[in-house]
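The values are calculated or read from the model by the stated rules, or taken from the named source; none is laboratory data. As the structure is a computational prediction, the values presented were derived from the model and not from experiment. Virtual Cβ from ideal backbone geometry, glycine too; neighbours counted across all protein chains shown.
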Amino acid sequence: MVPPSREDTGIAGRTALVTGAARGIGAAVVQGLVREGATVAAVDIDAEGLAEFAARTGERVHPFPADVGDSTAVARVVEAVERDLGPIDIGVSVAGVLLPGSVCETTDEDWAKTFAVNTTGVFALLREIARRMVPRQRGTLVTVASNAAGVPRMGMGAYAASKAAATMLTRCLGLEVAGHGIRCNVVSPGSTDTPMQRLLWTDENDADRVIAGSPEQFRVGIPLGRIADPADIADAVLFLASPRARHITMQELFVDGGATLRA
């Protein structure tokens, strides 16, 4: 169970939908929303892992298994959430995949899969929720992208391109719906201690190498000297989703310990 928050952030009583919710950053976002008093529709392709996570987290978490790469499935889930839990006040797109490889080595299949989840999945979710928020004249949407969207990375061409597309999509939507009282923002993490990050590691020293940087790959290290916890990213998401950020929209917040040097 997630203990209640000690501070009222304006999230209590709201209905939220979070994709990629079974683990990593998505799970941390769900836990943060529940802690603040929200009811959360947790979406993930891993039905079993999602059910286990929901059972551990508490009764305000409702699992909705779905593949965000399938636009039809996304539409069905959004409809089901609004029918079963009520109007969605907060939508957070976290689901993502990383298939490393140089551009020359990337297959059509890997490119298509990367964009299906990281870009088309974001598009489908934002579109379906925004269509419902517009008549209500309220709501907030947050996309979790990546600092790789703004800084070239070796071996991450498809991933970086997909996240860059999702970032600009979110900002364009924010411009279109601002007049309806709807805010759209992006949180761009750097290296974060998640299962996705650990898939890239080969031994116990890899975390130190990420922090130090890699001159041969033209990659700056992390000035703050630590890899982020998922909760660090979730805190940024919760701020942007809350009324405390009521005058913030179309922005991209880097949460990477300074790794991009704000390039």
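Within the range 142-168, residues that are in contact (Cβ under 8 Å) with a residue 12 or more places away in the chain have Cβ atoms under 8 Å from residues that are among the charged types (D, E, K, R) and in a helix (DSSP H, G or I) in these pairs: A145/K163; S146/K163; A148/K163; A149/K163; A158/D110, counting only partners at least 6 apart in sequence or on another chain.
Of the candidates R183, R132, the single residue that is basic (K, R) and surrounded by fewer than 20 Cβ atoms within 10 Å (Cβ to Cβ) is R132. Within this structure, A51 passes the test of being part of a helix (DSSP H, G or I), at pLDDT 95 or above and out of contact with any Cys (no Cβ under 6 Å at 6 or more places or on another chain). Do the conditions hold for G96, that is, is it over 25 Å from H180 (Cα atoms), surrounded by 23 or more Cβ atoms within 10 Å (Cβ to Cβ) and touching a residue at least 24 places away in the same chain (Cβ under 8 Å)? Yes: the conditions hold for G96.
Residue count for the range 229-263, restricted to those that are within 29 Å of L175 (Cβ to Cβ) and either of a type in the set (A, V, I, L, M) or touching a Lys or Arg at 6+ places or on another chain (Cβ under 6 Å) (or both): 16. Let me spell it out: the conditions are (1) outside any loop (DSSP other than H, G, I, E, B); (2) farther than 30 Å from R246 by Cα, and D67 meets all of them except one. Which number is the exception? Evaluating D67 over (1) outside any loop (DSSP other than H, G, I, E, B); (2) farther than 30 Å from R246 by Cα leaves (1) as the failure.
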